[in-house]
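Colleague: Take a look at this one; I'll ask things after.
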Amino acid sequence: MATTIAGRHYTVTEDIRTLITTKVGKIVEKLFNDVIDVRVVLQVEKYRNICEILIKGKDHDVKSVQESDESMQDAINKALDHVKRQAQKNRRTIRDHHRKDGGLNKAVAGRVTEWAVQVLEPGKLRKAGKARLPRIIKTNSIAILPMTIEDAAESLDGSKNEFIVFRDLDNDRISVIYKRRDNNLGLIAPEV
């Protein structure tokens, strides 16, 4: 990682250089996967001390410009805090976006996430007699997503499906919400 520290109308002392490299190094180590470049520009304009930090990473870039009337070290600390908050926010967004399990934690990962319907032999479905009973002619696998009842109702409203199987966030049980013939919704929930 290349760190460039420059001063405009300001002489960068060894103490300031050490402070910046240590604190930026900690932030980069914790919050970035691959850092391409780090640039820090320290500038003095009249009575204002300005610190500009730009971190270019593989996944995201973070930039902060902070100023202080008191000292350059105060401006540096403000800029570093801002960079840290931005990097944490960006990292959380990137991590949630690329999660395979939809952002679920590890405790939820071992639960049932799919139901498969198996097609049986037609002869095993019919009872002895002349009455023709319905047969299973189609097999689907459906994902079971965690959501509230309201979210499930909204998903079903915009869907062409007749039902949605979901894990209720309120009681952590698998439930089914379905469209009724009278254009209302029905809910099948397990007993507690």
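The values are calculated or read from the model by the stated rules, or taken from the named source; none is laboratory data. Please read all numbers here as calculations on a predicted model, not as lab measurements. Counting neighbours? That spans all protein chains shown, and the Cβs are built from the backbone with ideal geometry, glycine included.
Colleague: Of all residues in region 1-19, count the ones that are free of Cβ contacts under 8 Å to residues at least 60 places away in the same chain and either of a type in the set (A, V, I, L, M) or not in a strand (DSSP E or B) (or both). So that I can check it myself, show each step before the final result.
Modeller: Step one: of region 1-19, the residues free of Cβ contacts under 8 Å to residues at least 60 places away in the same chain are 1-9, 11-15, 17-19.
The next check asks that each one be either of a type in the set (A, V, I, L, M) or not in a strand (DSSP E or B) (or both); those that pass are 1-2, 5-6, 9, 11-15, 17-19.
Total meeting the criteria: 13.
Colleague: Here's another thing I want to ask about it. Conditions first: (1) among the charged types (D, E, K, R); (2) touching a strand residue (DSSP E or B) at 6+ places or on another chain (Cβ under 6 Å); (3) assigned to a loop (DSSP other than H, G, I, E, B). GLU67 passes all but one, so which condition is the exception?
Modeller: Failing condition for GLU67: (3).
Colleague: Continuing with this model, one more query. Within region 144-172, which residues are part of a loop (DSSP other than H, G, I, E, B) and touching an Asp or Glu at 6+ places or on another chain (Cβ under 7 Å)? So that I can check it myself, show each step before the final result.
Modeller: Step one: list which residues in region 144-172 are part of a loop (DSSP other than H, G, I, E, B), which gives 144, 148, 158-162, 169-172.
Listed by number, the residues that qualify are ILE144, THR148.
Colleague: List pairs: first in region 22-45 and basic (Lys, Arg), second surrounded by 15 or more Cβ atoms within 10 Å (Cβ to Cβ) and not in a helix (DSSP H, G or I), Cβ under 6 Å, 6+ apart or cross-chain?
Modeller: Between residues of region 22-45 that are basic (Lys, Arg) and residues that are surrounded by 15 or more Cβ atoms within 10 Å (Cβ to Cβ) and not in a helix (DSSP H, G or I), the close pairs are ARG39/LEU54.
Colleague: Only residues in region 155-184 that are in the same structural domain as SER141 (by TED's automatic domain parsing) count as the first member; pair them with residues that are acidic (Asp, Glu) and assigned to a strand (DSSP E or B), Cβ under 9 angstrom, at least 6 apart or cross-chain, and list the lot.
Modeller: Note: pairs meeting the criteria are ILE174/ASP168; SER175/ASP168.
Colleague: From the list ASP168, ASP172, which one is at positive phi and under 27 Å from the mean Cα position of the chain (by Cα)?
Modeller: Working: ASP168 fails: at positive phi.
Matching residue, one of ASP168, ASP172: ASP172.
Colleague: Let me ask something additional. Counting only residues that are among the hydroxyl-bearing types (Ser, Thr, Tyr) and surrounded by 14 or more Cβ atoms within 10 Å (Cβ to Cβ), which one in region 26-70 is farthest from GLN88 (Cα to Cα)? Break it down into steps so the answer makes sense when it comes.
Modeller: First, pick out the residues of region 26-70 that are among the hydroxyl-bearing types (Ser, Thr, Tyr): 47, 64, 68.
Now narrow it down to the ones that are surrounded by 14 or more Cβ atoms within 10 Å (Cβ to Cβ): 64, 68.
Numbers: SER64: 14, SER68: 24 Å.
Only one residue tops the list, namely SER68.
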